[in-house]
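Chemist: Could you have a look at this structure, given as structure tokens, before my questions?
The values are calculated or read from the model by the stated rules, or taken from the named source; none is laboratory data. Note that this is a predicted model, so its numbers are computed, not measured. Don't worry about glycine lacking a Cβ; one is built from the backbone with ideal geometry, like all the others, and counts go over all protein chains shown.
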Amino acid sequence: MAEILPFEGVFFNLKKAGNISSLIAPPYDVIKERSNFLSPYNITKLTLSWEENDYKQRGELFRKWLKEEILTVDSSPAFYLHYHYFTLEGKKFLRKGFFALVKLYPFEKKVILPHEKTLASPKEDRFKLLKEVKTSLEPVFFLLPDGLKVVKHLENARKEKIFEFEKGDETHLLFAVREEEIIDQIVREVDQKKLYIADGHHRYETSLLYSKENPSFTHILGYLVAMEDEGLKILPAHRLIKSVPKTALLRLFEEGKKLFHFFHLDQEDFIKSLEEKGRKHHAFAMVRKGEKPVLIVSINEKKVEEEISDHSPAWKKLDISILHSVILEEIMGLKEEELQSEGLLKYIVDRGEALRLIEKGDFVMGFFLNPTRIEEVKKVADRGEKMPGKATYFYPKVPSGLVIQKP
């Protein structure tokens, strides 16, 4: 099934470009403040648009950096093992992954499985950039089922350290593994598996389109993490709404009581209660300015899920599906697409920031969720379905600039 290959990675030449921590950045689609990336050689000079329609200039800059050896090509093919240490809610974690070239397969082949819908505008942007640089500047983040053994092979191999550095509260270690016997073993084992896209759906679909026009472009830069890795974390993207008709709120409490219990909680208790109820029920917390948070808990899970038609049981069991299809659309009459098109809906991962925006009055209400689970992602993807928008936020993001695919 899935085909991966070792490759000669392209790295920043630290003697010319400076400290690696000043050169990497989050993926292009999660960057909010560009002023954080001041180095003239930061990867965002390639991945982000700094002037209108500057794709050609960025392609020329990429080739200039290669020519001037700001970027250098590794001496021989390797898989690159990455240790990513990070802190989440006061606890320390380690996520292990590795960079490899991943062969492109159309989704209908069911070798590479997506779980997220994509939008036309980001794909158009990435396609224009790909046409100029002709390679993967940023990796697509893949989940590898039953992958702990594969990563262990890399850990047990002879390793050559490429980088070790800190950035904020995160620490990164990157190693090259070049042993042919180990590489061959990993290639054979991954060949028995499917891969699931965690992050990078737009980049993957863009690469598929580009490969149709350029048949020699068959592989992209991938970052593979075992689906069972203890450091693999998903955060929920909470929903903030700018304007809600009073009638919609009335319907929620009147019609909603047929399917849900409503509990009024103190501000400091609602997240803990949301987590506890979410272990056995569909649970959500609704927060409005000046009001006590309301915990919304399903009375009968099967009955709630039966309100959704035209989807698999796996899709119906998602909290995010219940929120959008049953609570917002069916009961309150609020469709996600209409809220988005009118600029009334915001997805936000930072819970504290979400609460501040509600208290400030920028949004009239917010719905807070528990995170989607890895096994739910797999089940929905296996069915060939796409989750509602922003159903997953894999954390932390894989930094761009650690390694680039050789053009």
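Chemist: How about the stretch 305-371: which helices (runs of 4 or more DSSP H) wholly inside it have at least 2 residues that are among the aliphatic types (A, V, I, L, M)?
Modeler: 351-360
Chemist: Suppose we filter the stretch 364-407 for residues that are surrounded by 22 or more Cβ atoms within 10 Å (Cβ to Cβ), more than 24 Å from GLU170 (Cα to Cα) and among the β-branched types (Val, Ile, Thr); how many remain?
Modeler: Selection size over the stretch 364-407: 2.
Chemist: Buried (at least 17 other Cβ atoms within 10 Å of the Cβ), over 19 Å from PRO293 (Cα atoms), of a type in the set (Lys, Arg) and assigned by TED's automatic domain parsing to the domain that holds GLU255: does that describe LYS317?
Modeler: Answer is yes for this residue.
Chemist: Continuing with this model, one more query. Quick one: in the stretch 132-144, which of the residues that are more than 18 Å from ASP29 (Cβ to Cβ) and touching a Phe, Trp or Tyr at 6+ places or on another chain (Cβ under 7 Å) is surrounded by the most Cβ atoms within 10 Å (Cβ to Cβ)?
Modeler: LEU143
Chemist: Would you be able to say whether some residue in the stretch 282-300 is surrounded by fewer than 20 Cβ atoms within 10 Å (Cβ to Cβ), assigned by TED's automatic domain parsing to the domain that holds PHE253 and part of a helix (DSSP H, G or I)?
Modeler: Scanning the stretch 282-300 turns up no residue that is surrounded by fewer than 20 Cβ atoms within 10 Å (Cβ to Cβ), assigned by TED's automatic domain parsing to the domain that holds PHE253 and part of a helix (DSSP H, G or I).
Chemist: Hey, another quick one. Among the residues of the stretch 1-43, which ones are more than 16 Å from GLU69 (Cβ to Cβ) and without any contact (Cβ under 8 Å) to a residue 60 or more places away in the chain?
Modeler: If the condition is that a residue be more than 16 Å from GLU69 (Cβ to Cβ) and without any contact (Cβ under 8 Å) to a residue 60 or more places away in the chain, then SER22, ILE31, LYS32, GLU33, ARG34, SER35, ASN36, PHE37, LEU38, SER39 are the ones that fit.
Chemist: Restricting the search to the stretch 26-68, which residues are of a type outside the set (S, T, N, Q), closer than 21 Å to PRO139 by Cβ and not in a helix (DSSP H, G or I)?
Modeler: PRO26, PRO27, ILE31, LYS32, PHE37, TYR41, ILE43, LEU48, listed by residue number.
Residue-wise test of (1) touching a Cys at 6+ places or on another chain (Cβ under 9 Å); (2) modelled with pLDDT of 95 or more; (3) not hydrophobic (A, V, I, L, M, F, W, C).
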{"residue": "SER76", "(1), (2), (3)": "no, yes, yes"}
{"residue": "PHE79", "(1), (2), (3)": "no, yes, no"}
{"residue": "LEU94", "(1), (2), (3)": "no, yes, no"}
{"residue": "GLY97", "(1), (2), (3)": "no, yes, yes"}
{"residue": "LEU101", "(1), (2), (3)": "no, yes, no"}
{"residue": "ALA120", "(1), (2), (3)": "no, no, no"}
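Chemist: Okay, moving on. Taking the condition surrounded by fewer than 17 Cβ atoms within 10 Å (Cβ to Cβ) and either farther than 28 Å from GLU179 by Cα or out of contact with any Gly (no Cβ under 6 Å at 6 or more places or on another chain) (or both), does LYS15 pass?
Modeler: In short, yes.
Chemist: Further, regarding this structure: Would you point out the residue of the stretch 372-400, among those that are of a type in the set (Ser, Thr, Tyr) and in a loop (DSSP other than H, G, I, E, B), that is farthest from TYR223 (Cα to Cα)?
Modeler: Looking at residues that are of a type in the set (Ser, Thr, Tyr) and in a loop (DSSP other than H, G, I, E, B), I get THR372.
Chemist: I would also like to ask the following. Just wondering, is there one or more residues in the stretch 337-350 that are aromatic (Phe, Trp, Tyr), assigned by TED's automatic domain parsing to the domain that holds ILE241 and over 20 Å from the mean Cα position of the chain (by Cα)?
Modeler: Checked the stretch 337-350: no residue is aromatic (Phe, Trp, Tyr), assigned by TED's automatic domain parsing to the domain that holds ILE241 and over 20 Å from the mean Cα position of the chain (by Cα).
Chemist: Here is a follow-up. Considering only the stretch 101-123, how many residues are aliphatic (A, V, I, L, M) and out of contact with any helix residue (DSSP H, G or I) (no Cβ under 8 Å at 6 or more places or on another chain)?
Modeler: Adding up the residues that qualify gives 4.
Chemist: I need the full set of residues from the stretch 63-86 which are of a type in the set (Ser, Thr, Tyr) and touching a strand residue (DSSP E or B) at 6+ places or on another chain (Cβ under 7 Å), in order please. Break it down into steps so the answer makes sense when it comes.
Modeler: So in the stretch 63-86, the residues of a type in the set (Ser, Thr, Tyr) come out as 72, 75-76, 80, 83, 85.
Correct list: THR72, TYR80, TYR83, TYR85.
Chemist: Additional query: Return the residues of the stretch 109-128 that are surrounded by 17 or more Cβ atoms within 10 Å (Cβ to Cβ) and either in a strand (DSSP E or B) or more than 20 Å from the chain's Cα centre (by Cα) (or both); say none if nothing qualifies.
Modeler: Within the stretch 109-128, ILE112, LEU113, GLU116, LYS128 meet the criteria.
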